[in-house]
Each structure stands twice: as structure tokens, then as C-alpha cells.
Amino acid sequence: MTDPTPSEPAPDASISTLLPQPSETATTQARGHEPRRLVVLGYLGALILGAVIGAGGLALATGGATPSPSPAPTPVPSARPTEPPAGNAIGRPDAPVTVEVWADYQCPFCRLQDFVFGGAVDREYVTPGIVRVVYRDFAFLGQESIDAAVAARCAGAQDPAAQLRYHDILYTFQQGENQGLFARENLVKIAEMAGVTSQAAFAACLDDPAVAKAVADETAAGRDVGVTSTPTLRLRGPGGERVLAGFSRAWPTLRDALEAVRAPAAGSPSPAAPASPSPAP
């Protein structure tokens, strides 16, 4: 993904135009230990999936372009950004493996990564208590990326579960970059869909500069730890650290990385065997 040139909002940039009509069928999928993911592939998602599975299309869906024309930062594997809001994580806090997902809500490859592989990660790793997934803001594609990230945090300020629902709905309706789809009025509608209790508190939060600063700070923290493309997954566990940049493209790529960090590193000391009792005199 690369920095786009801001464009004028589309005249019909409303989530109402993307909602299924009564005669259409929306697909709802429950993932992991709570029914939190609404998976409705919109127009852009269908186009991306067509490109990915079509002849010659797979190479286009790497998502590995540098997101900024500035020089890429030097990776610092040991650096750890601050703990995210409660609504930005799923899984047990004491899970042995942590997966940080650095993403932009306007990035189509981030959406694709979440829709294609998120369910498998939830079922096979999060629900059994092996993995904790932490979503990180890397909002670099424009003002709507920042506004969407702020809105998700504002939903979570009232209810952590609402932030996860908001996350899913943003990806569901994602279509293009800086076209007006994540304009304020649409972000308010999404809050209603996500079950945010107080619209007044949500609106006040949208205007809170501290929330926008938190998004900017986390984006800067991503650059500090070496994030140069979206999505970027940083996996840490007993077996060390792995970084996957771009859309994973195939489940074995992600699974093998998870298994590699899950297993203790080679050469790690084994727990000491209990001493055998001394024979009685």
C-alpha cells in the first residue's frame, strides 16, 4: 500500500448504499469464543478475491509495498508498543503467543487477511488459549484512516466488545480510499450498528484530540518497530519472533509461523528432572 492522493468524496459514499437489500443474503460468521465477526464481502472484497484466485492475480495481493516515501525505519525486534485498549485484543492475556496485527482500516489487504484467515486463527489458536491477537493502528492512508481508527477506539471506550464489532463493520463496508465512506456521518451509523450505547458520548469522543493523538502515537510506534507495509503481523512466543509483511496468501504460511514461535527455541534449557529418591539405608 502506498500513500494516496486525497480525492473528493464520492457523492454516494454512504454505508446505506452498501447494505444488502431485503432480497439479498448477507453472510454472518461467528468466529472464536464469541460471535463477534460480521463477514459480508462487499464490492471491493469480491473484486480482490477474484484477483487473488484468478489466473495471475495472486502476485498482486502481496500488500508488501512500502507505505511511506520516507526511508524505512530500522527494525527493533525488542521494542514493545504500549498496551492497547481492551477492545483491541482477543484471547487470553496469558496466552504463550502474541500476534500483533498492524493494519489500516482502508487497506484492502488488511481486510482480506482478516476475512480469509481470521476465523482459522480464532478457532485453532485463540479459542484454545494458545494465541492472543492484538490489533494495532497503522493509519497512514489518509484522514479517513485516522478517523476510522479514532471511531473504533471511541466505540471501545464504552464497551470493549463494541470496538471489535466496530472493527469488523469497518472492514465489511471498506470500499476505496478517502472516498467519503468513513466520513463522520457514516462512522456514527456504524456506531449504531455496533451497538454503541451513548451516541452523545461517541460523538464527543470523535472530537477528542487525545484519541487522535493515541492513533498517531501508535502509528509512529509501528514505524519505530519496523512496520513498513500493511498488514504486518509480528508474532512472539517461546520460539522467538517472526514478522509477516503483506497478505499471507496461504494458510500454511501463517500456520507455520505460528507453530515456529509457539515451540520453545532450539537449545532452550529443559526443565530439570526431579531427583530420584535416595535408597533407604
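The values are calculated or read from the model by the stated rules, or taken from the named source; none is laboratory data. From a predicted model like this one, the values you see are computed outputs, not experimental measurements. Virtual Cβ from ideal backbone geometry, glycine too; neighbours counted across all protein chains shown.
Would segment 214-233 turn up any residue that is touching a Gly at 6+ places or on another chain (Cβ under 8 Å), more than 23 Å from Pro108 (Cβ to Cβ), touching a residue at least 12 places away in the same chain (Cβ under 8 Å) and buried (at least 22 other Cβ atoms within 10 Å of the Cβ)?
no
Just a yes or no: is a residue in segment 143-160 more than 17 Å from Thr230 (Cα to Cα) and in a loop (DSSP other than H, G, I, E, B)? Yes: segment 143-160 contains one or more residues that are more than 17 Å from Thr230 (Cα to Cα) and in a loop (DSSP other than H, G, I, E, B).
With the requirement that a residue be touching a residue at least 40 places away in the same chain (Cβ under 8 Å) and assigned to a helix (DSSP H, G or I), what does segment 171-184 give you? If the condition is that a residue be touching a residue at least 40 places away in the same chain (Cβ under 8 Å) and assigned to a helix (DSSP H, G or I), then Tyr171, Thr172, Phe173 are the ones that fit.
Quick grid of which residues meet (1) under 27 Å from Thr98 (Cβ atoms); (2) under 16 Å from the mean Cα position of the chain (by Cα); (3) not in a strand (DSSP E or B):
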position: Ile169; (1), (2), (3): yes, yes, yes
position: Thr197; (1), (2), (3): no, no, yes
position: Ala203; (1), (2), (3): no, no, yes
position: Ala214; (1), (2), (3): yes, no, yes
position: Thr228; (1), (2), (3): yes, yes, yes
position: Val243; (1), (2), (3): yes, yes, no
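Which one of these does Arg123 not meet: (1) modelled with pLDDT of 95 or more; (2) surrounded by fewer than 23 Cβ atoms within 10 Å (Cβ to Cβ); (3) in contact with a strand residue (DSSP E or B) (Cβ under 8 Å, 6 or more places away or on another chain); (4) closer than 23 Å to Thr228 by Cβ? So the condition that Arg123 fails would be (4).
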